[in-house]
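The values are calculated or read from the model by the stated rules, or taken from the named source; none is laboratory data. This structure is a prediction, so every number in the text was calculated from the model and none was measured. Cβ placement follows ideal geometry from the backbone for every residue including glycine, while neighbour counts extend to all protein chains displayed. Remember, those area values only see protein heavy atoms, side chains included, never the ligands or the DNA or RNA. Shrake-Rupley method; radii C 1.70, N 1.55, O 1.52, S 1.80 Å.
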Amino acid sequence: MKLLAFDTSTELISIAVTRTVDGVARTWQHTGAGGAQASSALIPTIEGLMADAELHYEELDAIAFGQGPGSFTGLRTACAVAQGLGFGAGVPLLPVDTLLAVAEEARQQYAPQQTALRVLALLDARMDELYAAHYAYAGGVWQQREDYALFKPEQLMLQDSTALAGNVFAEYGERLPVSLDLPRWQALPTAAAMLRLAPALLAAGHAVPAEQALPRYIRDKVAKTTEERAAEKAAAH
């Protein structure tokens, strides 16, 4: 398959393009600083990787993007760019759950030989909270075991997981419940993970027209109010 994938939901920007060359699947990748740089760097970097792969957008089978949860600005950036490219090229879009991409990236990094595992995927939601979702992997297929949730670190619930995976351990590791004494796999939602997930997601009918692609927000609130910040500061003294 010919696929483009990108994610700007975290502090890093991740982009990858794959195609078959002489019967061998090849992938071109880029990882760099995200955040404020994501909106300005995303399109030029995509253009460069597409040129390296000698691909035109019209040749793609799909464009995958990190749908969320994650940084509000990052999710809007990825969705807007995906929609623009999809509209222009007449290519379907594949929204990919960022927490599922975290689980897949962790599996590839830390347990590539395991045929069955359960992962609690975690992403820093800022404002002293975590995005979380439980996934089960078996027979080469991932299944989400329950809906997404937003937790304080102390509130995470153990559900017979094999490991915790994500980007929350440096900031919140000491605050996780003692019952979550599991391997901790540092992982982000990479474009390479999205490419590995894409065939099964496409086969399951998850591709959508560009006009139907939307970010997935778990939290409606973007930032703390001035009053909330002042109350927290007062409580700390």
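Can you run down the residue pairs with Cβ atoms below 8 Å, 6 or more apart or on separate chains, where the first is in the range 204-220 and free of Cβ contacts under 8 Å to residues at least 40 places away in the same chain and the partner is open to solvent by less than 50 Å² (accessible area, probe 1.4 Å) and aromatic (Phe, Trp, Tyr)?
Within 8 Å, no pair qualifies.
Search the range 64-77 for residues that are more than 13 Å from Gly35 (Cβ to Cβ) and in a strand (DSSP E or B) and pair each with any residue that is among the aromatic types (Phe, Trp, Tyr) and open to solvent by less than 10 Å² (accessible area, probe 1.4 Å) when their beta-carbon atoms are under 7 Å apart and the residues are at least 6 apart or on different chains.
Filtered contacts from the range 64-77: Phe65/Phe6.
Take Leu197 and tell me if it is at pLDDT 95 or above, in contact with an Asp or Glu (Cβ under 6 Å, 6 or more places away or on another chain), buried (at least 20 other Cβ atoms within 10 Å of the Cβ) and within 29 Å of Val17 (Cα to Cα).
yes
Starting from the range 44-58, take each residue that is farther than 17 Å from Val91 by Cα and list its partners that are aliphatic (A, V, I, L, M), counting only C-beta distances under 7 angstrom and pairs at least six apart or across chains.
Note: pairs meeting the criteria are Thr45/Ile15; Leu49/Ile15; Leu49/Val17; Ala53/Val17.
With (1) modelled with pLDDT of 95 or more; (2) not in a helix (DSSP H, G or I) as the list, and Val222 as the residue in question, which single condition is left unmet?
Condition not satisfied by Val222: (1).
Test Val102 against the criterion of being over 19 Å from Ala203 (Cα atoms) and outside any loop (DSSP other than H, G, I, E, B), and give yes or no.
Here the answer is yes, as Val102 does meet what is asked.
Can you report the number of residues in the range 157-180 which are open to solvent by 10 Å² or more (accessible area, probe 1.4 Å), without any contact (Cβ under 8 Å) to a residue 60 or more places away in the chain and not in a helix (DSSP H, G or I)?
Residues in the range 157-180 being open to solvent by 10 Å² or more (accessible area, probe 1.4 Å), without any contact (Cβ under 8 Å) to a residue 60 or more places away in the chain and not in a helix (DSSP H, G or I): 8 in total.
Give the residue that is surrounded by the fewest Cβ atoms within 10 Å (Cβ to Cβ), with candidates limited to residues of the range 20-40 that are under 18 Å from the mean Cα position of the chain (by Cα) and outside any strand (DSSP E or B).
Ala36
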